[in-house]
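In what follows, a structure is listed as structure tokens, so that the remarks can point back to it.
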Amino acid sequence: MSVHSRGVKPPVSPDSEALAKATPVPKHLAPHAKAEWRRIMPQLISRRIITKADLAGVESYCVAVGASKLIAETMTKGDLPDLRLGGLQIRYMQTARQLAAEYGLTPTSRARIGSAAPEDDSDNPLAVK
């Protein structure tokens, strides 16, 4: 019997090369994507999980979120929603969700970050001192 880890993600943990301050918002991003960048970067910096190498992935996440919001606005302006836009929006939302999980932006991925933190054994009567 073989053991595989398909679907099991390793815990996200602080990186030794993490950015200490947020980088400027990329100028080429659309307004909704810029707003998402400003919303998430402080969280990612404070958790010390973003490095320079991760910025392209974070940018892709922001683009996907921004595109999804733009499509939602476009669909609400018409009398009948365009089903092709709906399908496109679903794909952007799936991409955004997958990227969000990579960077600890979902409840489950934040729990994985928390599980990587050392446990406090101060009130454990069985802890060896």
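Odds and ends about this structure:
- Among residues of region 85-129, those that are part of a helix (DSSP H, G or I), of a type in the set (S, T, N, Q) and modelled with pLDDT under 85, counted: 3
- Hits in region 36-54 - residues which are assigned to a helix (DSSP H, G or I) and either under 18 Å from residue 106 (Cα atoms) or β-branched (Val, Ile, Thr) (or both): 36, 37, 38, 39, 40, 41, 42, 43, 44, 45, 46, 54
- Residues of region 67-84 that turn out to be surrounded by 15 or more Cβ atoms within 10 Å (Cβ to Cβ) and either of a type in the set (Lys, Arg) or modelled with pLDDT of 90 or more (or both), as a count: 6
The values are calculated or read from the model by the stated rules, or taken from the named source; none is laboratory data. Everything numeric in this text was worked out from a predicted model, so none of it was measured. Note that we place each Cβ from the backbone using ideal geometry, even for glycine, and neighbour counts take in every protein chain shown.
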